[in-house]
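The values are calculated or read from the model by the stated rules, or taken from the named source; none is laboratory data. Source: prediction; values computed, not measured. Every residue, glycine as well, gets a Cβ built from its backbone with ideal geometry; the counts of neighbours run over all protein chains shown. These accessible areas exclude ligands, DNA and RNA; they are computed on the full protein's heavy atoms, side chains included. Shrake-Rupley method; radii C 1.70, N 1.55, O 1.52, S 1.80 Å.
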Amino acid sequence: MAAVKNPMGRFPGSERSAGRVREERPKLPKSVRLRALLPDIKALVAPRKGILALGFVLMAINRVSGLVLPASTKWLIDDVIGKRRTDMLLPLLAGVVAATLVQGVTSFSLTQVLSKAAQRLIAELRRKVQAHIGRLPVTFYDANRTGALVSRIMSDVEGVRNLIGTGLVEFAGGLLTAAIALVVLFKISTTMTLLAFAFLVGFGLVLNRAFGTIRPIFRERGKINAEVTGRLMESLGGVRVVKGYHAEEREEKVFASGVQRLLDNVLKTLTSTSVMSLSSTVMLGIVGAVVMYVGTRQIVAGTLTLGGFFTYTLFMGFLVAPIFQIVAIGTQLTEALAGLERTREILAEKREDADPRRTVVLPAISGDIAFEDVKFSYEEGKEVLHGVSFHAPPGTVTALVGPSGSGKTTIIGLVAAFHVPTGGVARIDGVDLSTVRLDSYRSALGVVLQETFLFDGTIRENVAFSRPEAGEEEILRACQIARVDEFAEGFEKKYGTVVGERGVKLSGGQRQRVSIARAILADPRILILDEATSSLDSESEALIQEGLSFLMKGRTTFVIAHRLSTIRRSDQILVVEGGLIAERGTHETLYAAHGRYYEMYTKQHGVETNLFLAPGEGDEKPREQADEPEPAGPPVLTEAVNALRRPAG
């Protein structure tokens, strides 16, 4: 498309919409939600199973080598010190040093292998989510804040590093360490181990319940963060409106309220995790007391050596330490699953090009548009178009007029294939538009809206947005036709001048000229103009209309106009009211009919004389002379347009 309102923006007037990402859904049981995520987890893990397998092997080596030091204490105390076996000291130290080196190397390797793989996964997911969101229908953007979508792309995928990165492997490594330690503990003292294990099982049940409580809190945090980010982006983007109405303090309060909600959520999470940490500490103290009591009695009774007790105490730490790891890593995994669940919601949204009916590729578009009894509803049971029919032959100008909310923008949205009719058929060159592949259709479509959107780049980049492959000469010709050269040449960096976010460094009229140049460069077969010259002064408007009149020759053009004097020279005028075409015809026939168009025109433009033929020509000649050969126009302008225009095929 030649121009858009914003990169993920709304088509003007399309406030009514469906497709909102459900933030509030019926809460399903945890087991059901987890099963629903399993295919996604499997899809993430499957391509990286080799890396994960290597990670698990490295982790196993790392944890086993980490147990060498505590295991050596029994021989150190009972044999080297107790029995004066000094010949065992050096081999024992060599084994400990070697095991420590192995542990260090495997820790480094784990970080290099898994952490980097996790960051690559995050980048891949962000690309995937952004690509998917970019292909969702316009109604989806109407229903979701831009800030919320940015959060979905950038923040929600961040936590999955714990699924593929060190988080999951550390979790498994902790369980492995605990299992090995448990075997050693049973071997040293079955009685103490059974007592300690009873406390650990009880604590495990408490943890399971706690994680079930924390996960919804993390999910809610993602939602709150998206809302706060969205409102902040709106506030910063509308800073002139905020300052113009002296609403800084009000916006501060709104943002402070959102930040407080986020803080409350974080504090709730911290409270839950701190309670788990408290429980872990208390449990560790109780287990330590039990081990101390039972161990002392066994040493006194001669059934346990001092070295054995010392080793038992160290291995008990290796059994209990993973419990603390589970609290931390389990929280991270819970956050990752919550983010993955929100990401899954986005990816489950149906792309607009995923309709199985869209299989027709149009090799060349002449621009013949026909609506046959078209009906449309944004919401079920609330029809906004009630059987609209019209025919726009190639190269003609069709103007849509009528009060706000009458259905003009909806008709244009259907022409642009932003929506699909709920009844009737919209045709392009005789083909049902709902069966045409969007890429083959929209490449021939150009849109210039009343509210112009420019990217934070140079003038050249914004003009070339519609055709990135266009050469410098073509870009300059488009700028010449749209009169961009009149102000761009005056800048120090000329067409390399950065326009700022949303083109803030340019005036409204200058932004509109850049937008029109973008549409001209696209050389569309079908052109949609929504008050395309409304932001311009009279002199600039006349100059640009002259360029547009050349551009529109041989192009099917739709014009939405509120200033009725600008569409007097259109080939047909459709008066839209209440979702129906109340009147149709040329300006002369509708004016002579003294109907609704006559009423609107006389009320609004009793004295204006600005006439419009395929927007842009004055009314110097009477209507009856319209069929006479048109002047060739300024030679330079004619030459530029002819050089720029691409073959119709």
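Annotations for the structure displayed:
- When each of Ile544, Ile528 is tested for being in contact with a Ser or Thr (Cβ under 8 Å, 6 or more places away or on another chain) and modelled with pLDDT of 85 or more, the lone residue that passes is Ile528.
Okay, residues lined up against (1) modelled with pLDDT of 75 or more; (2) open to solvent by less than 80 Å² (accessible area, probe 1.4 Å); (3) of a type in the set (Ser, Thr, Tyr); (4) outside any helix (DSSP H, G or I):
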site	(1), (2), (3), (4)
Leu236	no, no, no, no
Lys243	no, no, no, no
Arg250	yes, no, no, no
Phe255	yes, no, no, no
Val266	yes, yes, no, no
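- The set of residues in the range 389-411 being out of contact with any Pro (no Cβ under 9 Å at 6 or more places or on another chain) and more than 15 Å from Gly585 (Cα to Cα) consists of Pro394, Gly395, Pro403, Ser404, Gly405, Ser406, Gly407, Lys408, Thr410, Ile411.
- Test: Leu110 is free of Cβ contacts under 8 Å to residues at least 40 places away in the same chain and either outside any loop (DSSP other than H, G, I, E, B) or aromatic (Phe, Trp, Tyr) (or both): no
- When restricted to residues that are more than 22 Å from the chain's Cα centre (by Cα) and open to solvent by less than 20 Å² (accessible area, probe 1.4 Å), the range 447-466 contains 6.
- Listed by first and then second residue, the pairs with beta-carbon distance under 6 Å, at least 6 apart or on different chains, first residue in the range 303-316 and surrounded by fewer than 20 Cβ atoms within 10 Å (Cβ to Cβ), second in a helix (DSSP H, G or I) and among the acidic types (Asp, Glu), are Thr305/Asp78; Gly307/Asp78.
- Taken residue by residue, the range 149-162 has at least one member that is under 30 Å from Pro70 (Cβ atoms), open to solvent by 10 Å² or more (accessible area, probe 1.4 Å) and not hydroxyl-bearing (Ser, Thr, Tyr).
- Pair list, Cβ under 6 Å, 6 or more apart: the range 387-398 residue without any contact (Cβ under 8 Å) to a residue 40 or more places away in the chain, other residue open to solvent by 10 Å² or more (accessible area, probe 1.4 Å): His391/Ala370
- Taken across the range 63-83, residues that are open to solvent by 80 Å² or more (accessible area, probe 1.4 Å), in contact with a helix residue (DSSP H, G or I) (Cβ under 9 Å, 6 or more places away or on another chain) and of a type in the set (Val, Ile, Thr) do occur, with at least one present.
- Of residues in the range 292-302 being in a helix (DSSP H, G or I) and not hydrophobic (A, V, I, L, M, F, W, C), the one least open to solvent (accessible area, probe 1.4 Å): Gly295
- Matching entry among Thr566, Thr609, Thr589 (being at pLDDT 85 or above and either under 25 Å from Gln512 (Cα atoms) or in a helix (DSSP H, G or I) (or both)): Thr589
- Looking across the range 387-404, the residues that are of a type outside the set (Ser, Thr, Tyr) and surrounded by 16 or more Cβ atoms within 10 Å (Cβ to Cβ) come down to Val388, Phe390, Ala392, Pro394, Gly395, Val397, Ala399, Leu400, Val401, Gly402.
- Odd one out for Gly407, checked against (1) at pLDDT below 90; (2) open to solvent by 20 Å² or more (accessible area, probe 1.4 Å); (3) at positive phi: (2)
- Annotation: of all residues in the range 476-511 being touching a strand residue (DSSP E or B) at 6+ places or on another chain (Cβ under 8 Å) and surrounded by 20 or more Cβ atoms within 10 Å (Cβ to Cβ), the one that is farthest from Leu236 (Cα to Cα) is Tyr495.
- Residue-level analysis places Ser115 outside the set of residues that are in contact with a Leu (Cβ under 6 Å, 6 or more places away or on another chain) and either assigned to a helix (DSSP H, G or I) or in contact (Cβ under 8 Å) with a residue 12 or more places away in the chain (or both).
- Every test in (1) modelled with pLDDT of 80 or more; (2) farther than 30 Å from Arg48 by Cα is passed by Asp79 save one, and that test is (1).
- Members of the range 129-152 found to be under 17 Å from Asp439 (Cβ atoms) and in a loop (DSSP other than H, G, I, E, B), listed by number: Arg135, Leu136, Pro137
- Exclusive hit being open to solvent by less than 70 Å² (accessible area, probe 1.4 Å) and either modelled with pLDDT under 80 or within 25 Å of Pro137 (Cα to Cα) (or both), set Ala328, Ala289: Ala328
- Comparison of Arg427, Arg483, Arg437, Arg460 shows that the only residue that is among the charged types (D, E, K, R) and at pLDDT below 85 is Arg483.
- Scanning the range 346-373 for residues that are modelled with pLDDT under 80 and charged (D, E, K, R) yields Glu352, Asp353, Asp355.
- In the range 209-234, residue modelled with the lowest pLDDT [restricted to those that are within 17 Å of the chain's Cα centre (by Cα) and among the β-branched types (Val, Ile, Thr)]: Thr229
- Residue check for Ala131: hydrophobic (A, V, I, L, M, F, W, C) and either in contact with a Cys (Cβ under 6 Å, 6 or more places away or on another chain) or open to solvent by 30 Å² or more (accessible area, probe 1.4 Å) (or both): yes
- Scanning the range 191-208 for residues that are over 25 Å from Ser274 (Cβ atoms) and in contact (Cβ under 8 Å) with a residue 60 or more places away in the chain yields a total of 3.
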